[in-house]
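Novice: The following block contains the structure, expressed as structure tokens.
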Amino acid sequence: MANYSQVMLMFGFAVVAMAPALIISRMISPRKRSNPVKFLPMECGQVPSGAGRTHFMMQYYAFILMFVVFDVMAIFLYAWGATLLELEKSTILPIIAFLGIMFGAMAYALNQSKRRDIW
Amino acid sequence: MFKDLITPQTANTFIGKLGDILVKAIDQPLGYAINWGRLWSLWPVHIETACCSVEFGAASSPRYDVERFGIIEAFGSLRQCDLVVVQGTITRKMAPRLRLVYDQMPEPKYVIAMGACAITGGLYFDSYNVLPGIDGILPVDVYVPGCPPRPETLIQGCILLQEKIKNMKAR
Amino acid sequence: MTAKLPPGLQLEKEDDKIMTLNVGPQHPGSGHMRLIIKVDGDFIVSCDPDPGYVHRGEEKMAEYRNYITNIPHLERPVIHDSCNILYPYVLGVEELLGLEVPERAKYIRVIAAELNRIVYTLYWLGIYGIFLGHSTMFMWPMGDRELAIDLLEKLTGARVTHSYFVPGGIRNDAPANFEDVCIRQVNYLEKRLRTYGDIFYDNPILIARTENTGILTREDAIRLGTTGTVLRASGVDFDIRTKEPYDVYDELDVHTNVLKNGDSYDRSKTPWLDMLESCNIIRQALEKMPKSGSVRVKLKPNPKGGDDEVYKRVESGRGSLGTYIVSRSKPEPYRLKMSVGSFRNLICLPYLLKGEKLGNMPAVYWSLNYWPVEADR
Amino acid sequence: MSDTDSRKQEETETKLVVEKQDDLPKFEKEQSNKITEKFGSKTEIAFVKPDRVRVNVKKEDILEVASFIRDELHYDHAESVTGIDFPTDKEIEVVYHLGSYTDPKLGRQVLSLATRAPREDVPNPGNDSTRLPSLRDIFYSVEFHERECFEMLGVFFEGHPDNRRLLLPEDWADLPPLRKDFKIKGR
Amino acid sequence: MSVIAPKFKLSYFIKSLTDNIFWIIVLLTLIGIPIIMIVLIFVDLPVHDGELVNPFLAFTMIFHPELAVPFLKSIIYSDFFKIAAFPGFGFAALLAAATIFAERKLLAKMQLRVGPFYCGKFEGILQLMGDGLKLISKEIIIPAKADKPLFWAAPVLFVATAAAFVALIPVAPGWVVADLDLGLIAVFAVIGFFPIITVISSWSANSKYPFIGGIRALHQMVSFEIPLILSLLGVTILTGTLSLSEIVHAQENYWLIVFLPIGAIVFFISMLAELERIPFDLPEAESEIVAGWLTEFSGMMYGLVQLGSYIKLYAFAGLFVVLFLGGWQGPMVVPPFPEEIITEGIQAGPITVQIAGLPIVSQEMLNGTLWFTLKTVAVIFFILIPRGVFPRIRIDMLLSIGWNKLIALAFVNMFIAVGLIYAGILGPGGIW
């Protein structure tokens, strides 16, 4: 398990190494806080109007839902793939059945994802 | 008696002196380094105001290639830019927007007034919708005359600005 | 009337899902104007163009200047197409004052106008490339454009603002070896233009991205009064150079490029075909041009037009440019109206963008061959 | 050619080739005759030049005449809409330049359809008597041109769906700039 | 601190440098040594050769030639060095910086330009330094309505996640920060953090363009993760392992790209999409949504995001090399360490110095690093080229490519791998 902690150590090292960049930048950069316009959201030279965060839905939301399902499927295939050399040849049959079901589901989902009236 | 020595005033003076010494020690090399970085990395904001933008575009073409001087053309957001090249006439409709763009940019920022119209109003001195130069709304660093200026002239203006940045306050 | 033309620009539905985006004036994809775009997710619900950021009152200023001093500021709206934008004005003044232009001047005018069309269209092509994220297609046309600019500089003495056409001819004669240099440069330019076809117009991603987007049908193109490349990409064979030839265009063999589909791809391809055609025209004109002769007639100072009006139009890279001059026996025009192609094409932007995806906005917008400074005047 | 240069030249050098054609061009004459046949005294043919015809109508009749021009004469789009201020006549003239893409015979032709609206000395754009019927339903292409005409001269087009400001700044509170009594700086 | 920096003069510069050194020494002695004392009370000293390395010993070791090499060696083989310098952050950041510069020059050459030229006298090699100094001395603007802690944290987290990705890439045999049994799964886990950070940063900015850009980035990264994961299934099936080091070992004779070209292509395309590079740079599409999710980042924040994305580029290129191009495998080109230095010592005139602990790093490691770096640079080159060749595509085209075409191709690739094994060409008994 020590190895996994090294990934976290690397993560922590990058945080420790990069945070000073922001702090130094904050220290040596000129600051003029007197102008409230500067801190408005950037909107192409217009005075901003409306909220930045709204109920905003891309029409491709279906793909994100599909990701939730098929990501798990993909990782499950790894468990099979990593041990394929040790398994008997007949074990491919349930996997093919599993993939068949998944393909069907995926085809249906892709079909539904093109319908603009739902999303 | 020791308490008398360390009063807030004396501590303040001491720290102030220390700060002064530090400033003298590190400000000059640091300031030089910062200014050097700034002058080689002028990113112009993407705002076209009038017809001089044609020549501004030509300045980044292969023949003139302002990227040699570290100037990247067509940069996306104004938050990452530090140079406003006012490309020509400023109309009354554009002026508040230009000022807003300038205000929203992070410090330090520089302004190049490109073309006769941006300097004095130029050919449009008597038009009802044109400002007589942008001095009234922006602090201009370098004036590049011409109607429109050739790309070489714009590049020379950028070099003048680099010379100016070299001698500027670093912060 | 088809369903694509709603009365006015109302929203289909008004709720909190709709986000208003101000595209411009500080926006890498807007140019000198602002588009108020309402998006519902990835789809544009409505688009309201807001031009006028470079409105400089050219028409009002023209009423205070006489026919000669109007020339420099009337070409400023399109400085990289300054010969063509002056062309209808000069033709109109010539008709008002009753001037006959020498033959050599007419040919040189045509050459200058066609070269200028190449200069303009290459600039347009560069911007179209960078709008689609193709930065090489910005740099190559920008670099090759300098060759045509060099030719024009040799001819007129100025880099972009030429003020070359004057009532009664052209300002000065062509330099001695102009013909040789011109034919050489034009041949090279044509070779380069054909390579653009390989790297840009045949690019599978570009085709997939711009085909069938922003379709302007033939009926709509006529009804909306579009002009120039937009009109010809929609299948209407209309080019003022062939329909109402001015100067010596009737003696040259001008081929009109007409494409059928009217989508963004066709609209972006027509200017490129026009450039190739321009190379052809220049070669023909150089061949037929009288080798010597006067290039302008003398004007008396402060010429006055009669109690008359004149409407002249020419074909430029952006479409038909018309100039309407009302004269009331004074050295200054009583009213001068420039009917410019960009302003006429702007009207179809709301109709084209409605229902398009946001990613198509730059492709459709700039395929209209639109130069905001000209539209604002 | 600069002024100082030309001033040195004698007036005799000026070459004036004035060839006023006495016989009117045939095709254009036919066009104008069709309009006069249909509407009689309602319309006035101002001039018939090569490729150019100008028709003056009253503002009450303009919709009718425009529909006739579109349907019978096959002019299908407007190239420009020009407003001209005539302070001496107390009128503002609006000229529509009409062209045709569909009829190949009309490729050279531009028909000017002119009408006049009353002018007020103290304009209040949109709320005064300077009004004209909008041709937007007949020629779609006039939409932006009429908006421009509205803000530049203060002519309100009735029936236009979108009579908003187009080119001028949002805070413009002066006279409409293309009126003759609007003087620009230093002139 | 507001002093005019006047024209640069060497004498002033040297004077201020000496001033600096003086003050650094003074401050270190006055403040640093007491702090070290206090630290030493609480912290256990490292052990080297059965001895506690106290400061005295450490200084002795540095200046003693016989002790310096083992000491250096023990530092190099420590975890901290791995994380901070060689296979870890320092190496990646160096390659990333070189990539930024190379990209600008390469793009310029493709567009018949020169690119950065005058900064640093020779071909603009100091351009990046200039950009970095500019960015670090630039004001950072935090929008008033933004979610400030998240907005501050996002760039740092982005770099840190990219660094965690780098930690998994083996550079040479044994030279990897974290050699995991399930390395490939860990890679997918780390990749899964990028969309989250993107969405966090774009949401916290509270502005419209970053918001749209963030949502686009989410769609794009999430959709291309599935083809990315599935395209690597063939690698796992053929090698029978999930550890990246073992996958490299398995490619001793044949690179996997020979058997799985389709998988390599699918992985390369998904990689471009995950990296947000043209033609898939939709989250930063300039002409549509100003700079996408980077719109509100200013100054060093933008610099950090750029650094992070190029570190990510290096990591992906390294992953491609490890999985398909045989990692560090390659013919031995580094000459072996001269034996006589170990046995006889260095002869400097009359003196013969026997240095223990040489060689510091093995021949295999140097060779592996060389080949890995060469292959990675080649892959980075191929990642950079499309920027000058292709226009940007549209989000719906991107999604349909990802879901319809690439996933299908990834399954084709998987069945090719299974078929190779079951036909007996590869696997136990085959040519593997």
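Novice: Assuming R0 = 35 Å, what is the FRET efficiency of A:I23 and E:I360, from their Cβ-Cβ distance, to the nearest 0.05?
Specialist: For R0 = 35 Å, the calculated efficiency reads 0.50.
Novice: Continuing with this model, one more query. Measure nothing fancy, just the Cα-based angle from helix C:82-97's long axis to the longest principal axis of chain C, in degrees from 0 to 90, nearest 10.
Specialist: That works out to roughly 50 degrees.
Novice: So what's the back-of-envelope 222 nm ellipticity for chain C, counting only DSSP H runs of four-plus at -39500 (n - 2.57) apiece and dividing by all residues, rounded to 500?
Specialist: -13500 deg cm²/dmol
Novice: For the stretch C:299-341 and the stretch E:237-275, write down the distance between their C-alpha centroids in whole Å.
Specialist: Each part's Cα centre sits 71 Å from the other's.
Novice: To the nearest whole number, what is the average tally of beta carbon atoms from other chains within 10 Å of the beta carbons of peptide B:123-136?
Specialist: 5
Novice: Rounded to the nearest 0.05, what FRET efficiency is calculated for E:A189 and A:E88 with R0 set to 25 Å and r the Cβ-Cβ distance?
Specialist: 0.25
Novice: Mind checking the dipole of the protein assembly as shown: about its Cα centre, +1 per Lys or Arg Cβ, -1 per Asp or Glu Cβ, Debye to the nearest 20?
Specialist: With Lys and Arg at +1 and Asp and Glu at -1, about 2060 debye.
Novice: With charges only on Cβ, +1 for K and R and -1 for D and E, what is the dipole size of chain D about its Cα centre, in debye, rounded to 20?
Specialist: 200 debye
Novice: Kindly provide the trypsin sites (Lys or Arg not before Pro) of the stretch D:127-163 that DSSP labels as loop, not H, G, I, E or B, and whose Cβ sees at most 16 other Cβ atoms within 10 Å.
Specialist: Within the stretch D:127-163, no trypsin sites (Lys or Arg not before Pro) qualify (loop, at most 16 other Cβ atoms within 10 Å).
Novice: Under 10 Å, Cα contacts only: if you run a Gaussian network model on chain A, which one of A:G50, A:G12, A:G81 comes out with the highest mean-square fluctuation?
Specialist: The residue with the greatest mean-square fluctuation here is A:G12.
Novice: So if I take the centroid of the Cα atoms in the stretch E:139-159 and the same for the stretch E:364-432, what is the distance between those two points in Å?
Specialist: If you average the Cα positions of each part, the centres end up 35 Å apart.
Novice: Considering every residue in E:202-208, what mean count of other chain Cβ atoms within 10 Å of its Cβ is obtained?
Specialist: Mean number of neighbouring Cβ atoms from other chains: 6.
Novice: What are the residues whose amide H is under 5 Å from the amide H of D:L98, where those residues sit 5 or more places off or on another chain and H is modelled from the backbone?
Specialist: Under 5 Å from the amide H of D:L98 lie the amide H atoms of D:E79, D:L111, D:S112, D:L113, each far enough along the sequence or on another chain.
Novice: Compute a Gaussian network model of chain A, connecting alpha carbons closer than 10 Å, and tell me which residue from A:M57, A:M66, A:M42 fluctuates the most.
Specialist: The residue with the greatest mean-square fluctuation here is A:M42.
Novice: Of the cross-linked pairs B:K169/E:K15; C:K288/D:K49; C:K354/E:K145; E:K312/E:K405; C:K260/D:K105, which ones have a Cα-Cα span greater than 28 Å in the structure shown?
Specialist: C:K288/D:K49; C:K354/E:K145
Novice: Is the stretch D:24-158 rounded, prolate or oblate when judged by the Cα gyration tensor, a ≥ b ≥ c being the square roots of its eigenvalues, rounded requiring a/c under 1.5 and prolate requiring a/b larger than b/c?
Specialist: It comes out prolate by the Cα gyration axes.
Novice: Given the -39500 (n - 2.57) contribution per DSSP H run of 4+ residues, what per-residue ellipticity at 222 nm results for chain E, rounded to the nearest 500 deg cm²/dmol?
Specialist: -19000 deg cm²/dmol
Novice: Follow-up. Taking the Cα centre of the stretch B:40-166 as origin, work out the dipole magnitude from +1 charges on Lys and Arg Cβ and -1 charges on Asp and Glu Cβ, in debye rounded to 20.
Specialist: Approximately 180 debye in magnitude.
Novice: Which value in Å does the Kirkwood hydrodynamic radius of the protein assembly as shown take, with 1/r averaged over all unlike C-alpha pairs and then inverted?
Specialist: Evaluated on the protein assembly as shown, it is 34.5 Å.
Novice: Take each of the peptides C:149-159, C:26-36, average the number of other beta-carbon atoms within 10 Å over its residues, and list them starting from the highest.
Specialist: C:26-36, C:149-159
Novice: Return one number: the angle in degrees, 0 to 90 and rounded to the nearest 10, between the long axis of the Cα atoms of helix C:178-196 and the longest principal axis of the Cα atoms of chain C.
Specialist: 10 degrees
Novice: Follow-up. Which value in nm describes the separation of the simple spin-label points at E:V114 and D:W172, placed 7 Å from the Cα toward the beta carbon?
Specialist: Computed distance between label sites E:V114 and D:W172 equals 4.6 nm.
Novice: Tell me the mean residue ellipticity at 222 nm calculated for chain A from its helices only (DSSP H runs of n ≥ 4, each -39500 (n - 2.57), averaged over every residue, nearest 500).
Specialist: Rounded to the nearest 500, the figure is -21000 deg cm²/dmol.
Novice: Also: Using the beta-carbon distance between E:V26 and C:Y188 and R0 = 45 Å, what value does 1/(1 + (r/R0)^6) give for FRET efficiency, to the nearest 0.05?
Specialist: Efficiency for this residue pair is about 0.05.
Novice: Another question, then. Can you pull out the trypsin sites (Lys or Arg not before Pro) in the stretch C:188-294 that DSSP calls coil and that have at most 10 other Cβ atoms within 10 Å?
Specialist: C:K260, C:K291
Novice: Please give the contour-minus-distance gain from E:A408 to E:F81: 0.36 nm per residue of separation, less the Cα-Cα distance, rounded to one decimal in nm.
Specialist: 113.4 nm
Novice: Could you tell me which of E:L230, D:I35, B:N35 has its Cα farthest along the dipole of the protein assembly as shown towards the positive end, charges placed at Cβ (Lys, Arg +1; Asp, Glu -1), taken about the Cα centre?
Specialist: It is B:N35, whose Cα lies furthest towards the positive end.
Novice: With springs only between Cα atoms under 10 Å apart, run a GNM on chain E and tell me which of E:G388, E:G183, E:G214 wobbles the most.
Specialist: Looking only at E:G388, E:G183, E:G214, the largest GNM fluctuation is found for E:G388.
Novice: Which whole-number percent is the relative contact order of the stretch E:285-432 (Cα, under 8 Å, 6+ apart)?
Specialist: Relative contact order of the stretch E:285-432: 20 percent.
Novice: Using the structure shown, list the pairs from D:K26/D:K58; A:K114/C:K357; C:K106/C:K243; C:K60/C:K243; B:K164/E:K134; C:K191/E:K105 with a Cα-Cα distance above 20 Å, or answer none.
Specialist: Those over the limit are D:K26/D:K58; C:K60/C:K243; C:K191/E:K105.
Novice: Work from the charge dipole of the protein assembly as shown (Cβ charges, +1 for Lys and Arg, -1 for Asp and Glu, about the Cα centre) and give the residue of E:V166, A:A82, E:W371 farthest towards its positive end.
Specialist: Checked the options; the winner is E:V166.
Novice: Still on this structure: What do you get for the angle between helix C:264-288 and the principal long axis of chain C? Use alpha-carbon atoms, 0 to 90 degrees, nearest ten.
Specialist: 10 degrees
Novice: Pull out a ≥ b ≥ c, the square roots of the eigenvalues of the alpha-carbon gyration tensor of the stretch A:2-113, then state rounded if a/c is under 1.5, prolate if not and a/b is larger than b/c, and oblate in the remaining case.
Specialist: Taking the square roots of the gyration eigenvalues as a ≥ b ≥ c, the stretch A:2-113 is oblate.
Novice: Can you tell me how chain E classifies by the Cα gyration tensor, rounded, prolate or oblate, using a/c under 1.5 as the rounded cut?
Specialist: Oblate, because a/c is 1.5 or more while a/b does not exceed b/c.
Novice: Hey, got the average number of other protein chain Cβ atoms within 10 angstrom for residues in E:153-161?
Specialist: Mean shielding count: 5.
Novice: Could I ask something else about it? For chain E, return all DSSP H helices satisfying: extent of Cα atoms along own axis at least 27 Å; mean Kyte-Doolittle hydropathy at least 1.0.
Specialist: Correct list, ordered by number: E:89-110, E:148-166, E:300-324, E:363-384.
Novice: Along the charge dipole of the protein assembly as shown, Cβ charges K/R +1 and D/E -1, which of B:L138, B:L78, E:G402 sits furthest on the positive end?
Specialist: B:L138
Novice: So how far apart, in nm, are the two label points at A:F103 and E:L150 if each is 7 Å from Cα heading toward Cβ?
Specialist: Result: 4.1 nm between the two label points.
FYI, it's all coordinate maths here, none of it is from the lab. Predicted, not measured: the structure shown is a model, and the values here were computed from it. Using ideal geometry, Cβ is built from the backbone for each residue, glycine included, and neighbour counts are taken over all protein chains shown.
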